[in-house]
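Data block below; observations after.
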Amino acid sequence: MQAYDTQHLPTDLRNWINARLLRPLLYFEGGWEKWWQSDFPAWLDTVNDTQYDFRREVRDGGIIIDWVVNGNSDSPTNAIELKAQTHKTTKSSFVNQVGKDLDALRELSPFDYPVRMSLIAVIDQTTFEAMVERDFVPLTKTSQVAFLSRTL
(Lines give C-alpha, C1' and ligand atoms only; values in the text may rest on other atoms or scores of the structure.)
Protein backbone atom coordinates (compact mmCIF):
# COMPACT_ATOMS: atom_id res chain seq x y z
CA MET A 1 0.00 0.00 0.00
CA GLN A 2 1.39 3.36 -1.00
CA ALA A 3 1.20 6.54 1.07
CA TYR A 4 -0.92 9.32 -0.42
CA ASP A 5 0.39 12.89 -0.41
CA THR A 6 -2.59 15.09 0.47
CA GLN A 7 -0.83 18.02 -1.21
CA HIS A 8 -2.17 16.43 -4.41
CA LEU A 9 -5.81 16.74 -3.27
CA PRO A 10 -6.59 19.94 -5.25
CA THR A 11 -5.45 18.48 -8.57
CA ASP A 12 -6.71 14.98 -7.87
CA LEU A 13 -10.16 16.16 -6.75
CA ARG A 14 -10.55 18.35 -9.83
CA ASN A 15 -9.44 15.55 -12.15
CA TRP A 16 -11.69 13.03 -10.39
CA ILE A 17 -14.82 15.17 -10.43
CA ASN A 18 -14.26 16.05 -14.10
CA ALA A 19 -13.74 12.39 -15.02
CA ARG A 20 -16.42 10.80 -12.85
CA LEU A 21 -19.12 13.42 -12.36
CA LEU A 22 -22.59 11.99 -12.63
CA ARG A 23 -24.54 15.00 -13.85
CA PRO A 24 -26.25 16.92 -12.51
CA LEU A 25 -24.58 16.79 -9.13
CA LEU A 26 -26.89 19.43 -7.72
CA TYR A 27 -29.88 17.10 -7.73
CA PHE A 28 -28.56 13.92 -6.13
CA GLU A 29 -31.44 13.07 -3.81
CA GLY A 30 -29.65 10.88 -1.29
CA GLY A 31 -26.50 12.93 -1.26
CA TRP A 32 -23.20 12.07 -2.83
CA GLU A 33 -20.84 11.93 0.12
CA LYS A 34 -20.72 8.10 0.25
CA TRP A 35 -20.08 7.95 -3.50
CA TRP A 36 -17.22 10.44 -3.07
CA GLN A 37 -15.90 8.48 -0.09
CA SER A 38 -15.74 5.25 -2.11
CA ASP A 39 -15.16 6.36 -5.66
CA PHE A 40 -12.34 8.87 -5.20
CA PRO A 41 -9.81 6.42 -3.69
CA ALA A 42 -10.79 3.73 -6.23
CA TRP A 43 -10.37 6.21 -9.08
CA LEU A 44 -6.96 7.30 -7.71
CA ASP A 45 -5.80 3.69 -7.55
CA THR A 46 -6.95 3.05 -11.11
CA VAL A 47 -5.48 6.12 -12.79
CA ASN A 48 -2.18 5.80 -10.93
CA ASP A 49 -1.96 2.01 -11.14
CA THR A 50 -1.29 1.62 -7.43
CA GLN A 51 -3.13 1.13 -4.17
CA TYR A 52 -3.09 4.17 -1.94
CA ASP A 53 -3.49 3.88 1.80
CA PHE A 54 -7.14 4.96 2.19
CA ARG A 55 -9.46 3.26 4.69
CA ARG A 56 -13.14 4.15 4.95
CA GLU A 57 -15.44 4.30 7.95
CA VAL A 58 -12.75 3.66 10.56
CA ARG A 59 -14.04 3.44 14.11
CA ASP A 60 -12.00 5.13 16.82
CA GLY A 61 -13.83 4.95 20.12
CA GLY A 62 -17.26 6.44 19.50
CA ILE A 63 -16.21 8.22 16.31
CA ILE A 64 -16.42 6.85 12.79
CA ILE A 65 -13.83 8.56 10.60
CA ASP A 66 -14.76 8.91 6.93
CA TRP A 67 -11.19 8.42 5.69
CA VAL A 68 -8.02 7.39 7.44
CA VAL A 69 -5.23 8.10 4.99
CA ASN A 70 -1.71 6.71 5.48
CA GLY A 71 -2.62 4.74 8.59
CA ASN A 72 -0.57 1.79 7.35
CA SER A 73 2.47 3.67 6.08
CA ASP A 74 5.37 5.72 7.39
CA SER A 75 3.70 9.01 6.42
CA PRO A 76 1.69 10.97 9.02
CA THR A 77 -1.78 9.49 9.52
CA ASN A 78 -4.63 11.70 8.32
CA ALA A 79 -8.13 11.59 9.78
CA ILE A 80 -10.43 13.19 7.22
CA GLU A 81 -14.11 13.94 7.61
CA LEU A 82 -16.02 14.51 4.38
CA LYS A 83 -19.14 16.58 3.91
CA ALA A 84 -20.88 17.11 0.56
CA GLN A 85 -23.61 19.69 0.13
CA THR A 86 -26.74 18.79 -1.83
CA HIS A 87 -29.49 20.98 -3.25
CA LYS A 88 -31.64 20.11 -0.23
CA THR A 89 -29.02 21.29 2.28
CA THR A 90 -29.41 24.86 3.44
CA LYS A 91 -26.33 26.90 4.26
CA SER A 92 -27.08 26.89 8.00
CA SER A 93 -27.73 23.16 8.06
CA PHE A 94 -24.52 22.44 6.14
CA VAL A 95 -22.47 24.73 8.39
CA ASN A 96 -23.89 22.93 11.46
CA GLN A 97 -23.09 19.50 10.00
CA VAL A 98 -19.53 20.55 9.24
CA GLY A 99 -19.24 21.96 12.76
CA LYS A 100 -20.17 18.56 14.19
CA ASP A 101 -17.49 16.93 12.03
CA LEU A 102 -14.92 19.42 13.32
CA ASP A 103 -15.97 18.65 16.91
CA ALA A 104 -15.50 14.93 16.23
CA LEU A 105 -12.05 15.57 14.75
CA ARG A 106 -11.06 17.56 17.84
CA GLU A 107 -11.87 14.51 19.98
CA LEU A 108 -9.29 12.42 18.12
CA SER A 109 -5.80 12.17 19.52
CA PRO A 110 -3.27 14.35 17.67
CA PHE A 111 -0.73 11.67 18.57
CA ASP A 112 -2.68 9.02 16.65
CA TYR A 113 -3.79 11.41 13.92
CA PRO A 114 -1.19 14.15 13.39
CA VAL A 115 -3.30 15.50 10.53
CA ARG A 116 -7.01 16.04 11.23
CA MET A 117 -8.86 17.57 8.31
CA SER A 118 -12.37 18.49 7.27
CA LEU A 119 -12.77 18.20 3.50
CA ILE A 120 -15.97 19.68 2.13
CA ALA A 121 -17.72 20.09 -1.20
CA VAL A 122 -20.13 23.00 -1.64
CA ILE A 123 -22.45 23.78 -4.52
CA ASP A 124 -23.43 27.42 -3.99
CA GLN A 125 -21.58 30.69 -3.56
CA THR A 126 -23.30 31.65 -0.29
CA THR A 127 -22.17 28.46 1.43
CA PHE A 128 -18.72 28.78 -0.13
CA GLU A 129 -18.33 32.26 1.36
CA ALA A 130 -19.66 31.12 4.75
CA MET A 131 -17.09 28.34 4.89
CA VAL A 132 -14.23 30.64 3.89
CA GLU A 133 -15.30 32.92 6.75
CA ARG A 134 -14.91 29.86 9.01
CA ASP A 135 -11.27 29.41 7.96
CA PHE A 136 -11.81 26.84 5.21
CA VAL A 137 -9.28 27.07 2.41
CA PRO A 138 -10.45 26.67 -1.20
CA LEU A 139 -8.68 23.75 -2.90
CA THR A 140 -10.26 23.63 -6.34
CA LYS A 141 -13.47 24.59 -8.09
CA THR A 142 -15.44 23.39 -11.10
CA SER A 143 -18.63 24.73 -12.64
CA GLN A 144 -20.74 22.68 -10.18
CA VAL A 145 -18.71 22.18 -7.03
CA ALA A 146 -15.99 23.76 -4.92
CA PHE A 147 -13.78 21.73 -2.61
CA LEU A 148 -12.44 23.35 0.55
CA SER A 149 -10.49 22.08 3.54
CA ARG A 150 -9.64 23.01 7.07
CA THR A 151 -6.89 21.33 9.02
CA LEU A 152 -6.92 21.36 12.82
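The values are calculated or read from the model by the stated rules, or taken from the named source; none is laboratory data. Keep in mind the model is a prediction, meaning the values are calculated, not measured. Backbone-built Cβ (ideal geometry, glycine too); neighbour counts: all protein chains shown.
Scanning region 53-74 for residues that are at pLDDT below 95 and under 14 Å from residue 110 (Cα atoms) gives 60, 71. Within region 104-128, residues that are closer than 16 Å to residue 151 by Cβ and touching a residue at least 24 places away in the same chain (Cβ under 8 Å) sit with their Cβ atoms under 8 Å from residues that are of a type in the set (Val, Ile, Thr) and part of a helix (DSSP H, G or I), at 6+ positions apart or across chains, in these pairs: 115/6; 117/6; 118/98; 120/98.
Search region 128-152 for residues being hydroxyl-bearing (Ser, Thr, Tyr) and at pLDDT below 95, and hand back the single one that is farthest from residue 77 (Cα to Cα). First the steps, then the outcome.
As a first pass, look at region 128-152 and keep what is hydroxyl-bearing (Ser, Thr, Tyr): 140, 142-143, 149, 151.
Remaining after also requiring at pLDDT below 95: 140, 142-143.
On the way: 140: 23, 142: 28, 143: 32 Å.
Within region 128-152, the match that is farthest from residue 77 (Cα to Cα) is 143.
Whether any residue in region 138-152 is polar (S, T, N, Q) and either touching a Ser or Thr at 6+ places or on another chain (Cβ under 6 Å) or in a helix (DSSP H, G or I) (or both) is what I want to check. The answer is no; no qualifying residue exists. What number of residues within region 118-152 are closer than 18 Å to residue 34 by Cα and in contact with a Lys or Arg (Cβ under 7 Å, 6 or more places away or on another chain)? Result for region 118-152: 2. Which of (1) in contact (Cβ under 8 Å) with a residue 12 or more places away in the chain; (2) part of a helix (DSSP H, G or I) does residue 7 not meet, given it meets every other one? With respect to (1) in contact (Cβ under 8 Å) with a residue 12 or more places away in the chain; (2) part of a helix (DSSP H, G or I), residue 7 is out only on (1).
Can you go through 135, 112, 101 and tell me which one is touching a strand residue (DSSP E or B) at 6+ places or on another chain (Cβ under 9 Å) and farther than 25 Å from residue 59 by Cβ?
On the way: 112 fails: farther than 25 Å from residue 59 by Cβ; 101 fails: farther than 25 Å from residue 59 by Cβ.
Within the list 135, 112, 101, the selection yields 135.
Considering only residues that are touching a residue at least 60 places away in the same chain (Cβ under 8 Å) and closer than 12 Å to residue 40 by Cβ, which ones fall in region 10-20?
Looking only at region 10-20, we keep the residues that are touching a residue at least 60 places away in the same chain (Cβ under 8 Å), and these are 10-11, 13-14, 17-18.
Within region 10-20, 13, 14, 17 qualify.
Considering each residue of region 26-49 in turn, none proves to be out of contact with any Phe, Trp or Tyr (no Cβ under 6 Å at 6 or more places or on another chain), of a type in the set (Ser, Thr, Tyr), exposed (fewer than 15 other Cβ atoms within 10 Å of the Cβ) and assigned to a loop (DSSP other than H, G, I, E, B).
For region 78-113, what are the residues that are among the polar types (S, T, N, Q), surrounded by 21 or more Cβ atoms within 10 Å (Cβ to Cβ) and not in a strand (DSSP E or B)? Passing the criteria: only 85.
Would you call residue 146 buried (at least 21 other Cβ atoms within 10 Å of the Cβ), more than 11 Å from the chain's Cα centre (by Cα) and over 20 Å from residue 58 (Cβ atoms)? Yes: the conditions hold for residue 146.
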